[in-house]
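The values are calculated or read from the model by the stated rules, or taken from the named source; none is laboratory data. What you see is a predicted model; the values in this text were computed from it and never measured. All Cβ positions, glycine included, derive from the backbone under ideal geometry; neighbour counts span all protein chains shown. Heads up: the accessible areas ignore ligands, DNA and RNA and are worked out on the full protein's heavy atoms, side chains in. Shrake-Rupley method; radii C 1.70, N 1.55, O 1.52, S 1.80 Å.
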Amino acid sequence: SYTTDTKSREENKKTIESLYSLSVDIKKIRRLKEWVLLQDVAYVKEIAGILQEMGADETAVANILERCPEAILRTPEEINSQRALWQLVCQNEKQLIKLIEQFPESFFTTKYHQNQKANITFFQELGLKNNIITRFLTSAPNIFYNPVEKNKNVIETLQRNYLNLGGSEANMKIWILKLLSQNPFILLNNSTTIQENLEFLQKNDFTDHEVLQLLSKLKGFIFQLNSTTMQKSMLFSKSVFNCSDQELKELVLKCPALLYYSVPVLEERLEGLLKEGISVAQIRETPMVLELTTQIVQYRIKKLSALGYDVKSGNLESLNGTKKDFEVTYGKIQSKKERPIFNPVAPIHIED
């Protein structure tokens, strides 16, 4: 709704002066979003006043307006409505202003106010805790822009499939909430995609129990896939590991990355491992290593080699896991290496 034709327009002097008085870095705004400075109407003082009312100091206000200058184009009414909305899930205004400082774009997107309001109510009724909803508002704001009916539809499709695959009514709520917490972006998919992907797995002889297992392991990523890429990835893995359909199924259940990474990604990671002297047999034994990027694998091999640990001769379990998991493994190998053969502080027994 704002013009971006910068050639024929001049900067709004009143806006510039108001921003200067708040110690805002105008050069930064010119560089990133100059169009904001060209608008005839801006609410610099009013928006700054609302932020100060919430507890933002001068530095915080300047920082917010530099990062999200379009905030000054929102009316005070829009911002106060947004403030009231976010307060439904924030503990207090101190937490709210902290979130606005970190994620100003999410807060100042007021266009979908009614959808945001309806979705917050829906998520609360679903049983999501307010701290999870605030995390969604900041890190996955687009899911609130959907009409609430769309989000309800996706959740209902998930619930129906969970029960159809043998999941219990008693565990369903926990399962849905966990899935949403891990990957709220599943709500950006449509119910048809969910249905098609589940049917693809069933056609490939995964039992209902196994499909349910995959659903939980994939943390919702399965909904961002399509049957063509899954088919190609599975055929690639079958060929590389020279395995039967049943063995392939077992590998996929062990490492769902074989489903959700495309062939070029799997190829690149496989090549990276082979270059390090690791065999296909070792990778087949511990396929989860393909979840790691080539750079991470190289870094971890280097660190372990410095301790004299040779991954080529053993299994690849030591390379696996998150950064935290690897640090624990590395620490154990390091302390084992450094452990003295005898206890230097033990008393020496000398026979009379």
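At a 1.4 Å probe radius, carbon and sulfur cover how many percent of the accessible area of the stretch 10-109?
Carbon-and-sulfur percentage of accessible area, whole number: 47.
Kindly express, to the nearest 10 degrees and within the range 0 to 90, the angle between helix 76-87's C-alpha long axis and the longest C-alpha principal axis of the chain.
Here the helix axis deviates by roughly 30 degrees.
Per 10 Å bin, what is the whole-percent P(r) computed from every C-alpha pair distance within the stretch 10-109?
With a bin width of 10 Å, the distribution comes to 16, 53, 25, 5, 0.
Starting from the Kirkwood radius over alpha-carbon pairs of the chain, derive D by Stokes-Einstein at 10 °C in a medium of 1.306 mPa s and give it in µm² s⁻¹.
After rounding, the answer is 64 µm²/s.
Whole percent per 10 Å bin, from 0 to the bin with the longest distance: what is P(r) over all C-alpha pairs of the stretch 264-306?
So the P(r) values, bin by bin, are 29, 63, 8, 0.
How far is helix 227-241 tilted, in degrees, relative to the longest principal axis of the Cα atoms in the chain, given as a value from 0 to 90 rounded to the nearest 10?
Helix 227-241 sits at roughly 30 degrees to that axis.
Find how many whole Å separate the alpha carbon centroid of the stretch 8-66 from the alpha carbon centroid of the stretch 202-267.
50 Å
Calculated from DSSP H runs of 4 or more alone, at -39500 (n - 2.57) each and per residue, what is the 222 nm mean residue ellipticity of the chain, nearest 500?
On the way: 20 runs with 218 residues, N = 352.
Computed ellipticity for the chain at 222 nm equals -18500 deg cm²/dmol.
Dipole size in debye (nearest 20) for the chain around its Cα centre, Lys and Arg Cβ +1, Asp and Glu Cβ -1?
Computed charge dipole of the chain: roughly 300 debye.
Report the calculated FRET efficiency for ASN153 and GLU276 (r = Cβ-Cβ distance, R0 = 51 Å), to the nearest 0.05.
In this case the efficiency is close to 0.65.
How high is the relative contact order of the chain, given as a whole-number percent (alpha carbon pairs under 8 Å, six or more residues apart)?
That works out to 8 percent.
How many nm separate the modelled label positions at ASP310 and ASP208, each set 7 Å beyond the Cα in the direction of the Cβ?
Here the answer is 5.1 nm between the modelled labels.
Using the beta-carbon distance between ARG9 and ASN92 and R0 = 45 Å, what value does 1/(1 + (r/R0)^6) give for FRET efficiency, to the nearest 0.05?
Plugging the Cβ-Cβ distance into 1/(1 + (r/R0)^6) gives 0.65.
With the cut-off at 29 Å, tell me which of the pairs LYS94/LYS323; LYS94/LYS217; LYS238/LYS324; LYS219/LYS323; LYS33/LYS111 have Cα atoms farther apart than that.
Those over the limit are LYS94/LYS323; LYS94/LYS217; LYS238/LYS324.
Quick check: from the Cα gyration tensor, does the stretch 153-219 come out rounded (a/c under 1.5), prolate or oblate?
Because a/c hits 1.5 or more and a/b fails to exceed b/c, the stretch 153-219 counts as oblate.
So what's the net charge close to GLN298: Lys and Arg +1, Asp and Glu -1, counting the other residues with Cβ under 13 Å from its Cβ? All intermediate terms of the calculation are to be shown ahead of the outcome.
On the way: positive: ARG269, LYS275, ARG300, LYS302, LYS303; negative: GLU268, GLU271, GLU276.
My count for the surroundings of GLN298 gives +2.
Which whole-number value in Å² is the accessible area per residue of the chain, probe 1.4 Å?
Numbers: 19350 Å² over 352 residues.
Ligands and nucleic acids excluded, the result is 55 Å² per residue.
Please compute the contact order of the stretch 10-109 in relative form: average sequence separation of alpha-carbon pairs under 8 Å and at least six residues apart, divided by the residue count, as a percent. The partial results should precede the final answer.
Values: 95 pairs, mean separation 28.7, N = 100.
Once divided by the residue count of the stretch 10-109, the mean separation gives 29 percent.
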